[in-house]
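For reference, the structure discussed in these notes is given below.
The values are calculated or read from the model by the stated rules, or taken from the named source; none is laboratory data. Values in this document were obtained by computation on a predicted structure and should not be read as measured data. Positions of Cβ are generated from backbone atoms using ideal geometry, with glycine treated the same way; all protein chains shown enter the neighbour counts. Areas reflect the complete protein model, heavy atoms only, side chains present, ligands, DNA and RNA absent. Shrake-Rupley method; radii C 1.70, N 1.55, O 1.52, S 1.80 Å.
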Amino acid sequence: MDERTFDRSGQHASVVGLGTWQLGADWGDVDDKEALAVLETAAESGVTFFDTADVYGDGRSEQTIATFLSGRPDLHVLVATKMGRRVDQIPENFVLDNFRVWNDRSRRNLGVDRIDLVQLHCPPTPVYSTDEVFDALDTLVEEERVAAYGVSVETCEEALTAIARPNVASVQIILNPFRMKPLREVLPAAREAGVGIIARVPLASGLLSGKYTRETVFPENDHRAYNRHGEAFDVGETFSGVDYATGVESAAEFAALAPEGYTPAQLALRWIIAQPGVTTVIPGARSPEQARANANAARLPELSGETLAAVHDLYEQRIKDRIESRW
């Protein structure tokens, strides 16, 4: 699989990575054996970038990655984790002493002395404008606790603020055919600055797979059941912030745009890969079959101009006015 570079850190990632939220929590149950099989299949399919966080299953996702990689010393995988969501979301908690504590825990979970890439996990907006926060992250690098750092953001404005920081290696942002606003300002700014873009929620929480209907019922421990209105965290993380009824209808139209040989999910992933400035896209997977199909999207032919235009038109007509003012 092709790899792309985080220019500021010199690190490389496969164009399709693996998001591992599903292997920790909040997407229904995935047992340990199945979780390890997902990681194995992704690696066999050419994936060299795993994204996790300290809150995914309260460390379970990090620990599962550590278990897998300990048995595969032949693999070179860039592992990115996130920190900052295990405490009250107030700017005062984002200080060096806390960063060290959170980092110690993640390094233990991952079984490493130094983490490849650590990201602030969608912190309060003022954090992105606080010099002391980024001084503290620089200290983690100087202490060789982390090789590089980035941020995960909710809004385009937060992304642009972070990109202006000289040592931010990556910005993780929601980007998919139902969330196109980052294309206009964030991706061009990141390209100019040499900041990598990690595209998350690429399938709009599964909507873009085309598998769901209005009657679909999600498990109680799945955020698609309990966070539809932002009850637990930012609603933009669930179905990209699109209300479910509109999302299902629009996803059916999106599925009809898939070229021969593509699944709707692969169309979404291939569309993201085609956007200038994207370093890697991180779909999740709850089964080896999903992991393999996601990785294979990177090997499909480039999308035609006609298909790209049709995807854009669908967004303009059905989605844009419903979400752009929020993120």
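Overview of values
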quantity	calculated
Number of the condition not met by Thr280 [criteria: (1) exposed (fewer than 13 other Cβ atoms within 10 Å of the Cβ); (2) under 18 Å from the mean Cα position of the chain (by Cα); (3) hydroxyl-bearing (Ser, Thr, Tyr)]	(1)
The stretch 13-46, residues that are among the hydrophobic types (A, V, I, L, M, F, W, C) and within 14 Å of the chain's Cα centre (by Cα)	Ala13, Val15, Val16, Leu18, Trp21, Leu23
Long-range neighbours under 9 Å by Cβ, at least six apart or interchain, first residue charged (D, E, K, R) and open to solvent by 80 Å² or more (accessible area, probe 1.4 Å) within the stretch 127-153, second modelled with pLDDT of 95 or more and in a strand (DSSP E or B)	none
Members of the stretch 293-311 found to be in a helix (DSSP H, G or I) and either among the acidic types (Asp, Glu) or at pLDDT below 95 (or both), listed by number	Glu306
Residue satisfying condition, being under 17 Å from the mean Cα position of the chain (by Cα) and either without any contact (Cβ under 8 Å) to a residue 40 or more places away in the chain or part of a loop (DSSP other than H, G, I, E, B) (or both), within set Ala225, Ala162	Ala162
Filtered residue count, the stretch 236-261, keeping only those that are more than 11 Å from Arg214 (Cα to Cα) and hydroxyl-bearing (Ser, Thr, Tyr)	3
Of the criteria (1) surrounded by fewer than 22 Cβ atoms within 10 Å (Cβ to Cβ); (2) over 18 Å from Trp21 (Cα atoms), which one Phe94 fails	(1)
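Results for (1) outside any helix (DSSP H, G or I); (2) modelled with pLDDT of 95 or more; (3) aromatic (Phe, Trp, Tyr), shown as yes or no for each residue.
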position: Thr41; (1), (2), (3): no, yes, no
position: Val47; (1), (2), (3): yes, yes, no
position: Gly57; (1), (2), (3): no, no, no
position: Thr67; (1), (2), (3): no, yes, no
position: Pro73; (1), (2), (3): yes, no, no
position: Lys82; (1), (2), (3): yes, yes, no
